[in-house]
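Below: one structure, written as structure tokens.
The values are calculated or read from the model by the stated rules, or taken from the named source; none is laboratory data. In this text, all values refer to a predicted model and were calculated from it rather than measured experimentally. Glycine gets a Cβ as well: all are built from the backbone with ideal geometry, and neighbour counts include every protein chain shown.
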């Protein structure tokens, strides 16, 4: 579904992703800082704690949330991009902790 998710934006006319349940969308709006933090920074700070991310497999009514989720999933699917984001957003100490978390067993 990653290719389908790449469109983003919540427009049902050309997006084959199923619409997220309203309760789930409301929960994601409250749980993710999509208004205040870029998906790049979020990935830099949290990728080590995310084992599986498939929330962009759904379409959201809130176009900003939809685009943010799609971009976050794209980043999380490519550890080269995750590490580029880390270099951009993390201090050397934060980067060291993130790399230590990456090495831990899930």
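The figures follow:
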quantity	calculated
Test result for residue 29, touching a residue at least 12 places away in the same chain (Cβ under 8 Å), surrounded by fewer than 13 Cβ atoms within 10 Å (Cβ to Cβ) and part of a helix (DSSP H, G or I)	no
Subset of the stretch 52-65 that is under 12 Å from the mean Cα position of the chain (by Cα) and either in contact (Cβ under 8 Å) with a residue 60 or more places away in the chain or not in a helix (DSSP H, G or I) (or both) - its residue that is farthest from residue 26 (Cα to Cα)	52
Residues being touching a helix residue (DSSP H, G or I) at 6+ places or on another chain (Cβ under 6 Å) and under 18 Å from residue 63 (Cα atoms) - total across the stretch 31-41	3
Filtered residue count, the stretch 66-81, keeping only those that are under 13 Å from residue 38 (Cα atoms) and in contact with a helix residue (DSSP H, G or I) (Cβ under 6 Å, 6 or more places away or on another chain)	7
Residue 34 modelled with pLDDT of 95 or more, buried (at least 18 other Cβ atoms within 10 Å of the Cβ) and not in a helix (DSSP H, G or I)	yes
In the stretch 67-106, the residues that are surrounded by fewer than 17 Cβ atoms within 10 Å (Cβ to Cβ), within 11 Å of the chain's Cα centre (by Cα) and either in a helix (DSSP H, G or I) or free of Cβ contacts under 8 Å to residues at least 12 places away in the same chain (or both)	none
